[in-house]
Amino acid sequence: MIMPVESVFPRLEALLPHVQKPIQYVGGELNSTVKDWDSADVRWALMYPDAYEVGLPNQGVMILYEVLNEREGVLAERTYSVWPDLEALMREHGVPQFTVDAHRPVKAFDVFGVSFSTELGYTNLLTALDLSGIPLEARDRGLDDPIVVAGGHAAFNPEPIADFLDCVVVGDGEQAVLEITDVVRAWKAEGRPGGREEALLRLARTGGVYVPRFYDVEYLPDGRISRVVPNTPGVPWRVSKHTVMDLDEWPYPKQPLVPLAETVHERMSVEIFRGCTRGCRFCQAGMITRPVRERSITGIGDMVEKGLNATGFEEVGLLSLSSADHSEIGDIAKGLADRYEEDKIGLSLPSTRVDAFNIDLANELTRNGRRSGLTFAPEGGSERIRKVINKMVSEEDLIRTVATAYGNGWRQVKLYFMCGLPTETDEDVLQIAEMAKRVIQKGREVSGRSDIRCTVSIGGFVPKPHTPFQWAPQLGAEETDARLEKLRDAIREDKKYGRSIGFRYHDGKPGIVEGLLSRGDRRLGQVVRAVYEDGGRFDGWREHFSFERWMRCADKALADEIVDVDWYTTRERTYEEVLPWDHLDSGLDKDWLWEDWQDSLEEVEVEDCRWTPCFDCGVCPAMQTEIQVGPTGKKLLPLTVVNG
Amino acid sequence: MQRIRLRYTKRGRLRFTSHRDFQRAFERALRRAEVPMAYSAGFTPHPKVSYANAAPTGVGSEAEYLEIALTAHRDPLTLRALLDESLPPGLDVLEAVEVHTSGFADQLQASVWQVRLDGVPREEADVAVEKFLAQEHVEVRRMTKNGERAFDARGAVVALETVDGQVADAVTGGAEGTPDRSGAGACAILRLVVRHLTPAVRPDDVLSGLRAAADLAPPVPAAVTRLAQGPLDEVTGTVTDPFGPDRDAATAVPSTTAGLSAAAGVPPARGGTQAGTA
């Protein structure tokens, strides 16, 4: 079947006057790229499966978009989830899922790459496939359908959506997309020998691409997995994650996209390092992105300079999993604040640890005009539970830090916590109230004011694959909610401090669905599909999420199975159990994870390997990588003024 | 402090830009173009930009206006070119004049709109226009933030006529979007002059009025473009150039501002010259 590749814009345009925020569908962002269709022999459609306002600022998609488009003969365009108002009109008028760059139909591309930050984007994948006219199930696809590839953190356990994917890439995407491109290019140049199957086989044999169809999952009578086994010669038993070394070699995005539409992050973001070895046991991001690889201070300075010139943004975000941990963060912040003092460019550190924060850093961050609130994440209310999760932050650290902040003019501190952590009791959670009260007490004391505030923000803990908590039972939604209500009451009832403490929480229900999908296996494919067919969309959005729908569809779809939602969520796993993601190699030694889980139960902490000897998590030797940290000793010099 | 007024467009697909979207895009363009902007005082300083009377989202425009304040003198011609370069194609900066007169908002008394009605034969539109104009009041309803309200859509309409398709194309130059949309089939094009009143009467409201007065019901959404806005000549019923007074002032006796610009090395007469229309 030959499909003419024409812009769908004329047909889309007629629908736009009837939808909310039409600007999100028209493209034309500053720094976007439209290449001639015929100039490329491998064409990628990249998707972030959420609304444009969330998807556009996503760094992963932006990086891959540039990396691919920089290549000769390769073309990449972007697509995002359309809101239900436009979806209904597109179905009515036969307009397919389109890219925002040149409004080409997604089905016309060679590869359809989807980046999953969260499991709650799964139903949106199905919407996009269906709107594209691509069969939902991978096995029903033909030679001319795009190869559907998933990546992103949630792809470290892609099993619940394995039926809908052709391939999965785990880990850093920069080099992986180029390797896939080369394989697809060669296969196309040879006249697509062996059809779709052969293309997937070639990808699988690289060892870095997981093709679910080449693996059979066998189950025990009790519902657990007995083994996952390759069914095709030449396919590896385990597929390894990708790790990019030397971030200075990969200064992307060089030209960040600047949308006309309003999005969730309106700033120039620079990833200052990748990976984290603080070892928080709940944190999947920290576990799967090891080892720490810093971008150098000068590399950061160059990216900021070029990026600001290319975008006109008024804020620079220094991104990483724990930005204050960069070995030269003080010099980076001071250097950037000096350089851009005249231009009123603000700096932000989205993730800051209490113990790595100091007031010099804070002052640099706010020097150029903006002083927003400070946010810290102690995660657990009691010293005991913080030992369990290995969040090594003492209450003294926290009180000392907030005292400095309130003493230096801050009026507002936000604290993040989790509820439902392993071994947690009501008492652990109620300690959060005590901590908040002490924060206010100290704040009033040092600032001499009574109008200071502290906001407690708390959500339910979801155990994630490739973490020491992958064996842990998740707390049920009702128990989570009951515990949160007790905490809320403890805060509200306090006469002296209660009015100065804000309390924001998320109920436990979305966490159960996230937990179901996080640690799910291929049997959940039918659940995801049933939810989609029942109208499930945008599950990360409170106004669209329906717990009732998920539970109803799960009950029905799993009726003939021995397993149910509780089995996936609130059940504790044992050492022997084959986990659905064991054949995806994040580098972490499973025995080390188990020992860390046992240490957790005994409240034993683990240090950070950047500052102490290696504790054998397994990643560096397995992936042939190493820690890359400074200091380089270099400084950011003032920029030479070139002014016309 | 130097003030400069600009005329800009919202063309093609970028007519779906909301006013808020445009504001952010424009402020970033100011940064990229390194315009020496004056900032408001306060905790979060903002560049001083005043916007006048923005067209609704989805409506194309050849005549949007704003005013900026600068801390250092700039040649309006150069500034226009720089800003035009910094904004995406479709948001085009067409003209720039140095400010010599106050009360710019008062200059914008009326707008000229063009409304393309695909699928409507011109004769049918002619009949509807005649019926509409024959009435003194045409009550229409519109949803506002405070619920549905009724108001007169006739009183604000100074002129309303149908025009020839080729004339219309020559004027909007693609501002309505995809050219092939207008290609086939019947298509009526309305040209109207509407006074800026409170509550504002928008082209939509006039279309509601045509429906109320003559049952005119276009099968597809109308493509609306603002062609001009400015002072209304009550005698001829035409809209004139809102930059006229600034141009006149620049060529007349130098005012204080003009004197400043002369001191900065820019001849006042040039400062007020129209910067080439696209």
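Structure summary
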{"quantity": "Test: residue in the range B:195-203 that is within 14 Å of chain A (Cβ to nearest Cβ) and more than 14 Å from the chain's Cα centre (by Cα)", "calculated": "no"}
{"quantity": "Residue list for the range A:371-402, restricted to those being buried (at least 22 other Cβ atoms within 10 Å of the Cβ) and without any contact (Cβ under 8 Å) to a residue 12 or more places away in the chain", "calculated": "A:Arg386"}
{"quantity": "Filter result (open to solvent by less than 60 Å² (accessible area, probe 1.4 Å), acidic (Asp, Glu) and under 20 Å from B:Ala55 (Cα atoms)) within the range B:195-246", "calculated": "B:Asp205"}
{"quantity": "For B:Glu124: the one exception among (1) closer than 26 Å to B:Pro221 by Cβ; (2) in contact with a helix residue (DSSP H, G or I) (Cβ under 8 Å, 6 or more places away or on another chain); (3) open to solvent by 40 Å² or more (accessible area, probe 1.4 Å)", "calculated": "(2)"}
{"quantity": "Selection from the range B:130-142 of residues that are crowded, with 21+ Cβ neighbours inside 10 Å and either under 24 Å from the mean Cα position of the chain (by Cα) or outside the structural domain of B:Gly185 (by TED's automatic domain parsing) (or both)", "calculated": "B:Val140"}
{"quantity": "Scope the range A:466-512; condition surrounded by fewer than 23 Cβ atoms within 10 Å (Cβ to Cβ), not hydrophobic (A, V, I, L, M, F, W, C) and not in a helix (DSSP H, G or I); matching residues", "calculated": "A:Pro473, A:Gly476, A:Glu493, A:Asp494, A:Lys495, A:Lys496, A:Tyr497, A:Gly502, A:Arg504, A:Tyr505, A:His506, A:Asp507"}
{"quantity": "Selected residue [in a loop (DSSP other than H, G, I, E, B), within 30 Å of A:Lys241 (Cα to Cα) and modelled with pLDDT of 95 or more] from A:Glu561, A:Glu576, A:Glu607, A:Glu595", "calculated": "A:Glu576"}
{"quantity": "Some residue of the range A:120-127 being assigned to a loop (DSSP other than H, G, I, E, B) and open to solvent by less than 10 Å² (accessible area, probe 1.4 Å)", "calculated": "no"}
{"quantity": "Positions within the range A:224-246 being more than 14 Å from A:Gly171 (Cβ to Cβ) and buried (at least 16 other Cβ atoms within 10 Å of the Cβ), in sequence order", "calculated": "A:Arg224, A:Ile225, A:Val228, A:Pro230, A:Val235, A:Pro236"}
{"quantity": "Every residue from the range A:339-371 that is small (Gly, Ala, Ser), closer than 17 Å to A:Gly301 by Cβ and more than 14 Å from chain B (Cβ to nearest Cβ)", "calculated": "none"}
{"quantity": "Residues of the range A:393-425 that turn out to be in a helix (DSSP H, G or I) and in contact with a helix residue (DSSP H, G or I) (Cβ under 6 Å, 6 or more places away or on another chain), as a count", "calculated": "9"}
{"quantity": "Members of the range A:268-293 that are charged (D, E, K, R) and assigned to a strand (DSSP E or B)", "calculated": "A:Glu271, A:Arg274, A:Arg293"}
{"quantity": "Sole exception among (1) under 18 Å from A:Gly121 (Cα atoms); (2) aliphatic (A, V, I, L, M); (3) out of contact with any Lys or Arg (no Cβ under 6 Å at 6 or more places or on another chain) for A:Leu46, by number", "calculated": "(3)"}
{"quantity": "Matching residues in the range A:422-475 - criterion: being farther than 21 Å from A:Thr375 by Cα and either in contact with an Asp or Glu (Cβ under 8 Å, 6 or more places away or on another chain) or of a type in the set (Phe, Trp, Tyr) (or both)", "calculated": "A:Val462, A:Pro468, A:Phe469, A:Trp471, A:Ala472, A:Pro473, A:Leu475"}
{"quantity": "Filter result for the condition that a residue is within 16 Å of the chain's Cα centre (by Cα), more than 14 Å from chain B (Cβ to nearest Cβ) and not hydroxyl-bearing (Ser, Thr, Tyr), over A:Ala40, A:Ala51, A:Ala45", "calculated": "A:Ala51"}
{"quantity": "Scope the range B:42-81; condition small (Gly, Ala, Ser), under 22 Å from the mean Cα position of the chain (by Cα) and farther than 22 Å from B:Asp106 by Cα; matching residues", "calculated": "B:Gly58, B:Gly60, B:Ala81"}
{"quantity": "Criterion: free of Cβ contacts under 8 Å to residues at least 60 places away in the same chain, away from chain B (no Cβ under 14 Å), outside any strand (DSSP E or B) and within 20 Å of A:Asp172 (Cα to Cα) - qualifying residue of A:Val67, A:Val61", "calculated": "A:Val61"}
{"quantity": "Flag if A:Ile288 is under 18 Å from the mean Cα position of the chain (by Cα) and not charged (D, E, K, R)", "calculated": "yes"}
{"quantity": "Number of the condition not met by A:Asp101 [criteria: (1) assigned to a helix (DSSP H, G or I); (2) under 24 Å from A:Arg185 (Cβ atoms); (3) not polar (S, T, N, Q)]", "calculated": "(1)"}
{"quantity": "Which listed residue, of A:Glu395, A:Glu364, A:Glu379, is under 30 Å from A:Leu593 (Cβ atoms) and over 27 Å from the mean Cα position of the chain (by Cα)", "calculated": "A:Glu395"}
{"quantity": "Filtered residues of the range B:75-112 (kept if in contact with a His (Cβ under 8 Å, 6 or more places away or on another chain) and small (Gly, Ala, Ser))", "calculated": "B:Ala110, B:Ser111"}
{"quantity": "Failed criterion for A:Gly587 (all others in (1) on the phi > 0 side of the Ramachandran plot; (2) surrounded by fewer than 15 Cβ atoms within 10 Å (Cβ to Cβ); (3) not β-branched (Val, Ile, Thr) hold)", "calculated": "(2)"}
{"quantity": "Those residues of the range B:146-175 which are at pLDDT below 80 and either open to solvent by 20 Å² or more (accessible area, probe 1.4 Å) or more than 17 Å from the chain's Cα centre (by Cα) (or both), in sequence order", "calculated": "B:Gly165, B:Gln166, B:Val167, B:Asp169, B:Ala170, B:Val171, B:Gly173, B:Gly174"}
{"quantity": "Index of the failed condition, B:Val127 passing every other in (1) in a helix (DSSP H, G or I); (2) touching a residue at least 24 places away in the same chain (Cβ under 8 Å); (3) not assigned by TED's automatic domain parsing to the domain that holds B:Gln229", "calculated": "(3)"}
{"quantity": "Number of positions in the range A:17-30 that are open to solvent by less than 40 Å² (accessible area, probe 1.4 Å) and either more than 7 Å from chain B (Cβ to nearest Cβ) or free of Cβ contacts under 8 Å to residues at least 40 places away in the same chain (or both)", "calculated": "6"}
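The values are calculated or read from the model by the stated rules, or taken from the named source; none is laboratory data. Being a predicted model, the structure only gives us computed values, none of them experimental. Reconstructed Cβ throughout: ideal geometry from the backbone, glycine too, with neighbour counts over all protein chains shown. Just so you know, the surface numbers come from the protein's heavy atoms only, side chains and all, with ligands and any DNA or RNA stripped out. Shrake-Rupley method; radii C 1.70, N 1.55, O 1.52, S 1.80 Å.
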